[in-house]
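The values are calculated or read from the model by the stated rules, or taken from the named source; none is laboratory data. None of these values were measured; they are calculated from a predicted model. Neighbour counts run over all protein chains shown; Cβ positions are idealised from the backbone, glycine included. Areas reflect the complete protein model, heavy atoms only, side chains present, ligands, DNA and RNA absent. Shrake-Rupley method; radii C 1.70, N 1.55, O 1.52, S 1.80 Å.
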Amino acid sequence: MKSILLIYHFFHPDTVISARLFSDLAGELAKEYDVTVYTGNRLIRSDEILAESEVWNNVKIKRFSRPNFSQGSNFGRLFNSAILQMKWLNAFRKNRKKFDAVIVGTDPQFAYMMFPFMRMMNREVRLIHWVFDLYPEAILVNSPRWMKILAALTKPFIPWAYRSVDDMVDIGGCMRARLQKYKNEAKYTTLTPWALAEVSAPPAADPEIREQLFGKAKIGLLYSGTVGYAHDLKPLIELARQCRKSGIDAAFCFAGYGNQYKIQTAEITEDDTNIRLAGFASEEELEKRLSAADIHMVSLRPGWEGIVVPSKFFGSLAIGRPVLFSGPEESEIARWCKEYGIGFTLNETITDDLKKFAENQCELAELQQTCYLVYTEHFSKKSVVDGWKKLLK
């Protein structure tokens, strides 16, 4: 049996989305491979210190200690990253002949700098980089000046780091185009994240929850999830105002959290009678909340295309709901919406589309079924894990 090492900052039992994805992948691969995970010993939203080692779903977890510097601090994240990478490299050196393949994620920051050292330690090991967020590009888009300077200084070293990578796993064509600018020779494969909540069929809306979020409106649009620097709710708030002024019976709900949520929703006024706010929903409540909406809203600021792909896009499709995307036309989500017919981009005709669906629920139901089928075929956990197994073989 081949042996695979996964390296990522956060892992089971952490509930942050990326940790859940890496945990799910490790659990699935452990059915066919000997899987070991190198991770940190702290949860992202807790001071709890986890056990040094554990076997979970046949996955051998090795946790390495790091200081309790805040991940919300730029300095803290950099220091945590440096400490963990040194400890992981030392552990890999001691076991360098054990692993046939190593999969490294993009948290902590600059994790790709480990690749050249791993290659020097083992010329035969297969090195794979699963790129969720692109660094240093994410820092260069929105960070303090000193962080941007530091990030810019790392760019000349990135081609050197990437030359050691055998397989570059991106999550879309825009990201791939950015990665290929570093002129590495890696083989490229697109394997996206999947939704944490998957269902056997598109569920009907729970009447009570739907009324809480959207009142009696004929059509409900929901933004559910993080609101950070990569997101901009203002165009969606403006759309809600256009709908109200045009007499379209649509209600908008922003059920978010994150460092920009309160800042961006602060401009909602008493006149915005078709806009509601909702708090955080637990994972147990999430399916009912997501299925209460007719359409889900997704946002990405210009300049962030190819750097991140909002995970709420996959959650929307998994529940069988189309996407209204506010963001660059050249981004991956805009392309998928057009290619698969699973949603719309925010443009001058969008109010006409919303009016049509408010008046024709059958057409909306057909679109929702299409979204579910597209998710099952292209973005589901099974389809992506099958892609991973094909890549590893």
How far, in degrees from 0 to 90, does helix 234-246 lean away from the longest principal axis of the Cα atoms of the chain, to the nearest 10?
10 degrees
Points 7 angstrom from Cα along the Cβ direction at GLU211 and GLU52: gap in nanometres?
5.8 nm
In nm, what is the difference between 0.36 nm times the number of residues separating ILE149 and LYS31 and their Cα-Cα distance?
38.0 nm
So how exposed is THR15, as accessible area in Å² (1.4 Å probe, rounded to 10)?
90 Å²
Per residue, accessible area of the stretch 102-243 with a 1.4 Å probe, heavy atoms of protein chains only, in Å², comes to 42 Å²
To the nearest 20 debye, what is the magnitude of the charge dipole of the stretch 252-393 about its Cα centre, counting +1 on the Cβ of each Lys and Arg and -1 on the Cβ of each Asp and Glu?
760 debye
What is the stretch 354-393 by shape, rounded, prolate or oblate, if you read a ≥ b ≥ c off the alpha carbon gyration tensor as root eigenvalues and call it rounded for a/c under 1.5, prolate for a/b larger than b/c, and oblate otherwise?
prolate
As an exercise, use a Förster radius of 35 Å and the Cβ-Cβ distance of ASN41 and MET120 to find the FRET efficiency, rounded to the nearest 0.05.
0.85
Nearest-20 debye value, the chain charge dipole, Cβ charges on Lys, Arg, Asp, Glu
2040 debye
Å³ per residue enclosed by the Cα convex hull of the stretch 1-125
91 Å³
Set Lys and Arg Cβ to +1 and Asp and Glu Cβ to -1, take the dipole of the chain about its Cα centre, and tell me which of PHE10, ILE61, VAL323 lies farthest positive.
ILE61
From the phi of every residue in the stretch 150-156, what ³J(HN,Hα) in whole Hz does the Karplus formula 6.51 cos²θ - 1.76 cosθ + 1.60 yield, where θ is phi - 60° and glycine or proline is x?
4, 4, 4, 5, 7, 4, x
What accessible surface, in Å², does a 1.4 Å probe find on TYR257, ignoring ligands, DNA and RNA and rounding to the nearest 10?
80 Å²
Can you give me the Cα centroid spacing of the stretch 338-393 and the stretch 171-187 in angstrom?
25 Å
Could you put CYS174, CYS337 in order of accessible surface area, largest first, with the 1.4 Å probe and the full protein assembly present?
CYS174, CYS337
Largest to smallest accessible area among ARG321, ARG244, ARG45, ARG176 [probe 1.4 Å]:
ARG45, ARG244, ARG176, ARG321
Where in the stretch 199-238 does the amide nitrogen come within less than 11 Å of the point 7 Å from the Cα of PHE280, taken along Cα to Cβ?
none
If one computes the Cα centroid of the stretch 256-313 and of the stretch 72-95, what distance in Å separates the two points?
33 Å
Percent of Cα pairs exceeding the 34 Å cut-off, where the set is the chain
31 percent
Descending Cα extents along the principal axes, the stretch 52-114, whole Å:
35, 25, 18
Mind pulling up the Rg/Rh value for the stretch 121-266? Radius of gyration and Kirkwood radius, both on Cα.
1.10
Just to confirm the number: angle between the C-alpha axis of helix 17-29 and the first principal axis of the chain, 0 to 90 degrees, nearest 10?
60 degrees
Dipole of the stretch 194-236, Cα-centred, from +1 at each Lys and Arg C-beta and -1 at each Asp and Glu C-beta, to the nearest 20 debye?
220 debye
Once the Cα gyration tensor of the stretch 212-251 is diagonalised, semi-axes √(5λ) in Å
21, 14, 5
Cross-link table LYS312/LYS393; LYS31/LYS390; LYS94/LYS381; LYS288/LYS381, entries beyond 22 Å C-alpha to C-alpha:
LYS312/LYS393; LYS94/LYS381
Solvent-accessible area, 1.4 Å probe, carbon plus sulfur percent, for the chain
51 percent
Residue farthest toward the positive end of the dipole of the stretch 203-322, with Cβ of Lys/Arg at +1 and Asp/Glu at -1: which of ALA293, LEU236, SER282?
LEU236
What are the lysines whose alpha-carbon lies under 22 Å from the alpha-carbon of LYS245, with same-chain residues fewer than 8 places away excluded?
LYS216, LYS218, LYS234, LYS355, LYS356
Work out the charge dipole of the chain with +1 on the Cβ of Lys and Arg and -1 on the Cβ of Asp and Glu about the Cα centre, then indicate which of ILE350, THR370, ILE49 is farthest towards its positive end.
ILE49
DSSP-loop GluC sites (Glu not before Pro) across the stretch 54-140, with at most 14 other Cβ within 10 angstrom
GLU124
